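*Asks:* Okay, handing you the structure first.
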Amino acid sequence: MIAPVFKDIWTDKQYCNEDFKRDGYVKVPVHGGNPHCHQGLHQIMEDVVRIICDHLDLSEPKDYEDFLSNIHTKVYVDQINSLRMLVYNKMNELLWLRTSYFQMAEQYLYTLVGNELAMQNKVNFSIQMVGDTSSVLPAHIDAFSGESPFQVVVWVPMMSTSDSNAMFILPPDKHRAILPHLPDLMKQGKDAVFEAIKDDIKFINVKLGQALIFSPNYLHGNVVNKTDKTRWSMNARFKSLFSPYCSPEKTLGGFYLPTVLRPVTELGLDYGVPDFHG
């Protein structure tokens, strides 16, 4: 069972908001640190491990974190993406997955984003295998590829992460300083962007039992995993239901699905104006 994490719980919503605006992210305990609700993350990990063991014909382990962290001892690098897609497809077939994932950060999403929410239609699964250069996600800003700037990403690792197997973010003040130079740097390529920011990026160590909520409007990504542990993580995007949708590919009812609707909104969506001229 996953040990509950009680650090970083805000007694005042203002502190959560101020930390997010200052740092571009907050680390929160899944389910608000409630030890009786940790079964959600535990169940996800259990199902992921079961899918892998069935695929590789392995006996299911007792320690899920250790098993996932050492998957590089059981598969080759060129097999990892097909394994990731297998997990992604089978897990997203489970009707409870999106609800369970939302509930892990629910109270903080209400504070940071709003109380009527849209969620990405599928939960993403990522693997950063030890020494795998193909899993590197260069520094990027999601809005540059058509994502909504009115969203957050909820990122949940299935083991404790640190250093090069964690993700990094460029702090907001450093991001604002580099932004005017970013178009020229991007023309030079991803290596030029990273070289310009490498001394200022912050790797965010996240413990098992914590979720990272961050703004993808700031430069973020990862580097080659030089630790001895493979990192498995999940992520999904959340936005206010009525905030702008900025791409024809990322619309409500397609990429995003309604997650929280209040009664007045439901009534309003059902309302139809009669034809007075008929």
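*Asks:* Any chance segment 183-200 includes a residue that's among the hydrophobic types (A, V, I, L, M, F, W, C) and closer than 28 Å to Gly32 by Cβ? Full working, then the answer.
*Replies:* Pass one, segment 183-200, residues among the hydrophobic types (A, V, I, L, M, F, W, C): 185-186, 192-194, 196-197.
So of that shortlist, the ones also closer than 28 Å to Gly32 by Cβ come out as none.
Within segment 183-200, none of the residues are among the hydrophobic types (A, V, I, L, M, F, W, C) and closer than 28 Å to Gly32 by Cβ.
*Asks:* Testing Lys207 on (1) within 21 Å of Phe67 (Cβ to Cβ); (2) in contact with a Gly (Cβ under 7 Å, 6 or more places away or on another chain), one condition comes back false. Which one is that?
*Replies:* Just one mismatch for Lys207, condition (2).
*Asks:* Another question, if that's okay. Limited to segment 85-112, what total is found for residues that are touching a residue at least 40 places away in the same chain (Cβ under 8 Å) and not in a helix (DSSP H, G or I)?
*Replies:* 1
*Asks:* Quick test for you: out of Leu56, Leu97, Leu86, pick the one residue that is touching an Asp or Glu at 6+ places or on another chain (Cβ under 9 Å) and of a type outside the set (Gly, Ala, Ser). Reasoning before the result, please.
*Replies:* Working: Leu56 fails: touching an Asp or Glu at 6+ places or on another chain (Cβ under 9 Å); Leu86 fails: touching an Asp or Glu at 6+ places or on another chain (Cβ under 9 Å).
Testing whether each residue is touching an Asp or Glu at 6+ places or on another chain (Cβ under 9 Å) and of a type outside the set (Gly, Ala, Ser) leaves just Leu97.
*Asks:* Follow-up question, since we're still on this one. Do any strands (runs of 3 or more DSSP E) lying entirely in segment 179-278 carry at least 1 residues that are in contact (Cβ under 8 Å) with a residue 40 or more places away in the chain and among the β-branched types (Val, Ile, Thr), and which ones are they?
*Replies:* Counting at least 1 such residues, we get 210-214, 256-260.
*Asks:* On the basis of being in contact with a Leu (Cβ under 8 Å, 6 or more places away or on another chain) and without any contact (Cβ under 8 Å) to a residue 60 or more places away in the chain, does Met159 make the cut?
*Replies:* no
*Asks:* Here are some residues: Phe214, Phe194, Phe238. Which one is in contact with a Pro (Cβ under 7 Å, 6 or more places away or on another chain), within 27 Å of Asn124 (Cα to Cα), surrounded by 17 or more Cβ atoms within 10 Å (Cβ to Cβ) and not polar (S, T, N, Q)?
*Replies:* Result: Phe194 is the single residue among Phe214, Phe194, Phe238 that is in contact with a Pro (Cβ under 7 Å, 6 or more places away or on another chain), within 27 Å of Asn124 (Cα to Cα), surrounded by 17 or more Cβ atoms within 10 Å (Cβ to Cβ) and not polar (S, T, N, Q).
*Asks:* Quick one: how many residues across segment 197-211 are buried (at least 18 other Cβ atoms within 10 Å of the Cβ) and either out of contact with any strand residue (DSSP E or B) (no Cβ under 6 Å at 6 or more places or on another chain) or aliphatic (A, V, I, L, M) (or both)?
*Replies:* Count: 7.
*Asks:* So if I check each of Ser233, Ser243, which one is under 28 Å from Ala177 (Cβ atoms) and polar (S, T, N, Q)?
*Replies:* Just a single option satisfies the conditions, and that option is Ser243.
*Asks:* For segment 62-84: of the residues being without any contact (Cβ under 8 Å) to a residue 60 or more places away in the chain, in contact with a Leu (Cβ under 9 Å, 6 or more places away or on another chain) and not aliphatic (A, V, I, L, M), which is surrounded by the fewest Cβ atoms within 10 Å (Cβ to Cβ)?
*Replies:* Filtering segment 62-84 for residues that are without any contact (Cβ under 8 Å) to a residue 60 or more places away in the chain, in contact with a Leu (Cβ under 9 Å, 6 or more places away or on another chain) and not aliphatic (A, V, I, L, M), the one surrounded by the fewest Cβ atoms within 10 Å (Cβ to Cβ) comes out as Lys74.
*Asks:* Looking at (1) over 21 Å from Leu257 (Cβ atoms); (2) part of a helix (DSSP H, G or I); (3) out of contact with any helix residue (DSSP H, G or I) (no Cβ under 9 Å at 6 or more places or on another chain), which is the only condition Asn81 fails?
*Replies:* Asn81 satisfies every listed condition except (3).
*Asks:* Look at segment 113-135 and say how many of its residues are part of a helix (DSSP H, G or I) and out of contact with any strand residue (DSSP E or B) (no Cβ under 6 Å at 6 or more places or on another chain).
*Replies:* Of the residues in segment 113-135, the ones part of a helix (DSSP H, G or I) are 133-135.
Now restrict to residues that are out of contact with any strand residue (DSSP E or B) (no Cβ under 6 Å at 6 or more places or on another chain): 133-134.
Total satisfying the criteria: 2.
*Asks:* Find the residue count for segment 122-168, including only residues that are closer than 20 Å to Ala211 by Cα and of a type in the set (Ser, Thr, Tyr).
*Replies:* 5
*Asks:* Now, a different point. When segment 46-78 is examined, which residues are found to be among the hydroxyl-bearing types (Ser, Thr, Tyr) and either more than 24 Å from the chain's Cα centre (by Cα) or more than 19 Å from Met234 (Cβ to Cβ) (or both)?
*Replies:* We begin by selecting, within segment 46-78, every residue among the hydroxyl-bearing types (Ser, Thr, Tyr); these are 59, 64, 69, 73, 76.
Passing the criteria: Ser59, Thr73, Tyr76.
*Asks:* I need the full set of residues from segment 120-164 which are surrounded by fewer than 21 Cβ atoms within 10 Å (Cβ to Cβ), in contact with a helix residue (DSSP H, G or I) (Cβ under 9 Å, 6 or more places away or on another chain), closer than 26 Å to Glu106 by Cα and of a type in the set (S, T, N, Q), in order please.
*Replies:* Within segment 120-164, Asn121, Asn124, Ser126, Ser160 meet the criteria.
Quick note: the coordinates plus some simple rules give every number you see, no bench work behind them. Just so we're clear, the structure is a prediction, and the values are computed from it rather than from any experiment. Every residue, glycine among them, receives a Cβ derived from its backbone with ideal geometry; neighbour counts consider all protein chains shown.
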